[in-house]
1. Looking at region 53-70, which of its residues are among the small types (Gly, Ala, Ser), farther than 18 Å from residue 13 by Cα and surrounded by 10 or more Cβ atoms within 10 Å (Cβ to Cβ)?
2. Which pairs turn up if I take residues in region 1-22 that are over 11 Å from residue 87 (Cβ atoms) and look for partners that are among the hydroxyl-bearing types (Ser, Thr, Tyr) and buried (at least 21 other Cβ atoms within 10 Å of the Cβ) with beta carbon separation below 6 Å, at least 6 apart in sequence or on another chain?
3. Being at pLDDT below 95 and touching a Phe, Trp or Tyr at 6+ places or on another chain (Cβ under 6 Å) is true for just one of 63, 36, 80, 105. Which residue is that?
4. Mind checking whether some residue in region 43-56 is in contact with a Ser or Thr (Cβ under 8 Å, 6 or more places away or on another chain), touching a residue at least 60 places away in the same chain (Cβ under 8 Å) and not β-branched (Val, Ile, Thr)?
5. Checking residue 108 against (1) part of a helix (DSSP H, G or I); (2) over 18 Å from residue 27 (Cβ atoms); (3) among the basic types (Lys, Arg): exactly one of these is not met. Which one?
6. Could you check residue 76 against (1) of a type outside the set (Ser, Thr, Tyr); (2) buried (at least 18 other Cβ atoms within 10 Å of the Cβ); (3) over 13 Å from the mean Cα position of the chain (by Cα) and say which number it fails?
7. With the structure loaded, tell me whether residue 69 is touching a strand residue (DSSP E or B) at 6+ places or on another chain (Cβ under 8 Å), at pLDDT below 95 and under 19 Å from residue 27 (Cβ atoms) or whether it fails that test.
8. Out of 84, 38, 45, report the one residue that is touching a Gly at 6+ places or on another chain (Cβ under 7 Å), surrounded by 15 or more Cβ atoms within 10 Å (Cβ to Cβ) and on the phi < 0 side of the Ramachandran plot.
Amino acid sequence: MTLLPGTLDLLVLRALAWEPTHGTGVADWVTLVTGGVLTIEEGSLYPALQRLERQGWITSDWGRSEANRKARFYQLTPSGRQELRRLAADWHRYAEAMGTVLQHGQPRPWS
């Protein structure tokens, strides 16, 4: 499924809320928790990680992956946690509003 505009930052920040991980770990986590409905392509993920780091919402350090390969590990900063809370609240309001719209019956015709 194609990601809706504005969801990539939220997905990345949420994936990093648990512990520092590398880019592949972020993408794998999103795929796992959504049962494969959402996936993040490498071509979108790494520019997003760089952008989030420039914004000060994440930091990165070099480390070793599970496969003992050199990898950049990302983690949330305090301002990143604050941004995650803001984005999550916005998406909860959006999803609630969309749910309300979808549950309504036939719209009234315009007069």
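1. 63, 65, listed by residue number.
2. Final answer for the pair search is 16/74.
3. Selected residue: 63, the only one of 63, 36, 80, 105 that is at pLDDT below 95 and touching a Phe, Trp or Tyr at 6+ places or on another chain (Cβ under 6 Å).
4. no
5. Of the numbered conditions (1) part of a helix (DSSP H, G or I); (2) over 18 Å from residue 27 (Cβ atoms); (3) among the basic types (Lys, Arg), the odd one out for residue 108 is (1).
6. All conditions pass for residue 76, except number (3).
7. So residue 69 does not fit the description; no.
8. 45
The values are calculated or read from the model by the stated rules, or taken from the named source; none is laboratory data. As the structure is a prediction and not an experimental result, all values here were calculated from the model. Cβ sites come from the backbone with ideal geometry, for glycine too, and all protein chains shown count toward neighbours.
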